[in-house]
Amino acid sequence: MKCNEVNSKLIFYLEKELLKDEMLQMENHLSECSSCSNRLVLLQSAMDVIEKEKSLQPNPYFVSKTMNRFKEEQRTANQPVFTRLLIPVFVSILFVLAIGSGIFMGANFASDTENIQQSNLIDPYFNEIDNETIELFFLNDGYHE
Ligand SMILES: [Zn+2]
């Protein structure tokens, strides 16, 4: 067995997932080759760390999930405060604006004759343009036929 082959199978050797024949070949190589046996020791210690991590955090996914849930709960817990404060303010602003604009418009159109005259001056002007274009459209259409 070559070093490359042994290195690629070290993890399986540690997990004892190799065939008996391969396990023996690995053992033979590791007993003779110091660099591969050193790698085995390093890998073994790394595996130990991973195993320790696993035992400390039985389910890392569960930890991240609970963290997300906690964050979500914080977000939703903050939201009612936000809406409780802002929505009434927003509604009252709209309400004041609606009443204010209603009074403003009512006052303008009911009592301010100058505005009515202005609107009468402007509106027929626009209506005339509209009528003219429509008339021209029909006239042109008539001439074409
Ligand atoms: Zn080797």
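The values are calculated or read from the model by the stated rules, or taken from the named source; none is laboratory data. Quick caveat, the model's predicted, so the values are computed rather than measured. Quick reminder, even Gly has a Cβ in these numbers, built from the backbone with ideal geometry, and neighbours come from all protein chains shown.
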Practice task
Look through region 30-61, keep the residues that are surrounded by 10 or more Cβ atoms within 10 Å (Cβ to Cβ), modelled with pLDDT under 75 and not in a helix (DSSP H, G or I), and return whichever of them is farthest from the ligand (Cβ to nearest atom).
Solution key: 59
Exercise for the section: Return yes or no: is residue 64 modelled with pLDDT under 85, surrounded by 11 or more Cβ atoms within 10 Å (Cβ to Cβ) and part of a helix (DSSP H, G or I)? Expected result: yes
Practice task
Taking residue 18 as the residue in question, decide whether it is more than 13 Å from the ligand (Cβ to nearest atom) and part of a loop (DSSP other than H, G, I, E, B).
Solution key: yes
